[in-house]
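Colleague: After the structure tokens below, expect a handful of questions from me.
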Amino acid sequence: MDRKLLKYLADMLSSILEIESFMTERPKEFATFCNDTLFRRGVERNIEIIGEAMNRALKINSELPITSARKIVDTRNFVIHAYDSLRPDMLWGIVINHLPLLKKEIKEILSSIVLSEGEMNKNSTEEC
């Protein structure tokens, strides 16, 4: 497996976990999100990182089994380039509705990589 691809997947997972950590320190409520500029900016930045890492990952493997991978990149572009049109409800919808699935899919990919590398290592030691 390409080490850069692993890094990009790990970066996405790390950003999701960071967003989740924001919600352990404050209520998981839309009103709190709207009224907490630091929370919103932290989510925005992590969505930018997720989108950029996805863009780079897709350049390595365009067939990544991630739902809406292209839309993730498009969202990153929107957050960066259309910042003045970005609505809090759009960001909150991503956090609540889309990040849990993305987290699950990334963990599945990483698990399959670990398993397949473990099998390769097992097979290579059996040949000795």
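The values are calculated or read from the model by the stated rules, or taken from the named source; none is laboratory data. Worth saying up front: this structure is predicted, and the values here are computed from it rather than measured. Ideal geometry is used to build each Cβ from the backbone, glycine not excepted, and the neighbour counts take in all protein chains shown.
Colleague: Quick check, is Thr125 over 19 Å from Asp2 (Cβ atoms), at pLDDT below 95 and assigned to a loop (DSSP other than H, G, I, E, B)? Can you show your working first?
Modeller: Values: over 19 Å from Asp2 (Cβ atoms): yes; at pLDDT below 95: yes; assigned to a loop (DSSP other than H, G, I, E, B): no.
Against the criterion (over 19 Å from Asp2 (Cβ atoms), at pLDDT below 95 and assigned to a loop (DSSP other than H, G, I, E, B)), Thr125 does not qualify.
Colleague: Going by the conditions given, is Glu105 buried (at least 16 other Cβ atoms within 10 Å of the Cβ), farther than 18 Å from Phe22 by Cβ, touching a Ser or Thr at 6+ places or on another chain (Cβ under 7 Å) and touching a residue at least 12 places away in the same chain (Cβ under 8 Å)? If you could, list the steps in order and put the result at the bottom.
Modeller: Working: buried (at least 16 other Cβ atoms within 10 Å of the Cβ): yes; farther than 18 Å from Phe22 by Cβ: yes; touching a Ser or Thr at 6+ places or on another chain (Cβ under 7 Å): yes; touching a residue at least 12 places away in the same chain (Cβ under 8 Å): yes.
Spelling it out, Glu105 is indeed buried (at least 16 other Cβ atoms within 10 Å of the Cβ), farther than 18 Å from Phe22 by Cβ, touching a Ser or Thr at 6+ places or on another chain (Cβ under 7 Å) and touching a residue at least 12 places away in the same chain (Cβ under 8 Å).
Colleague: Output the number of the condition that Lys71 fails; it satisfies all remaining conditions of (1) in contact (Cβ under 8 Å) with a residue 24 or more places away in the chain; (2) under 30 Å from Leu115 (Cα atoms).
Modeller: Going through (1) in contact (Cβ under 8 Å) with a residue 24 or more places away in the chain; (2) under 30 Å from Leu115 (Cα atoms) one by one, Lys71 breaks only (1).
Colleague: Can you tell which of Asp74, Asp84 is in a helix (DSSP H, G or I), charged (D, E, K, R), at pLDDT below 95 and over 21 Å from Leu110 (Cβ atoms)? Please lay out each step first, then the result.
Modeller: Numbers: Asp74 fails: at pLDDT below 95.
Testing whether each residue is in a helix (DSSP H, G or I), charged (D, E, K, R), at pLDDT below 95 and over 21 Å from Leu110 (Cβ atoms) leaves just Asp84.
Colleague: Restricting attention to region 74-94, which residues are closer than 21 Å to Leu13 by Cβ, touching a residue at least 24 places away in the same chain (Cβ under 8 Å) and of a type in the set (D, E, K, R)?
Modeller: Arg76
Colleague: Here's something else I'd like to know. Please determine, by comparing only the residues of region 76-92 that are touching a Gly at 6+ places or on another chain (Cβ under 8 Å) and more than 14 Å from Arg40 (Cα to Cα), which one is surrounded by the most Cβ atoms within 10 Å (Cβ to Cβ). Talk me through it step by step, then tell me what you get.
Modeller: Residues of region 76-92 touching a Gly at 6+ places or on another chain (Cβ under 8 Å): 76-77, 79.
Then drop every residue that is not more than 14 Å from Arg40 (Cα to Cα), which leaves 76-77.
Working: Arg76: 19, Asn77: 13.
Per the stated criteria, the residue is Arg76.
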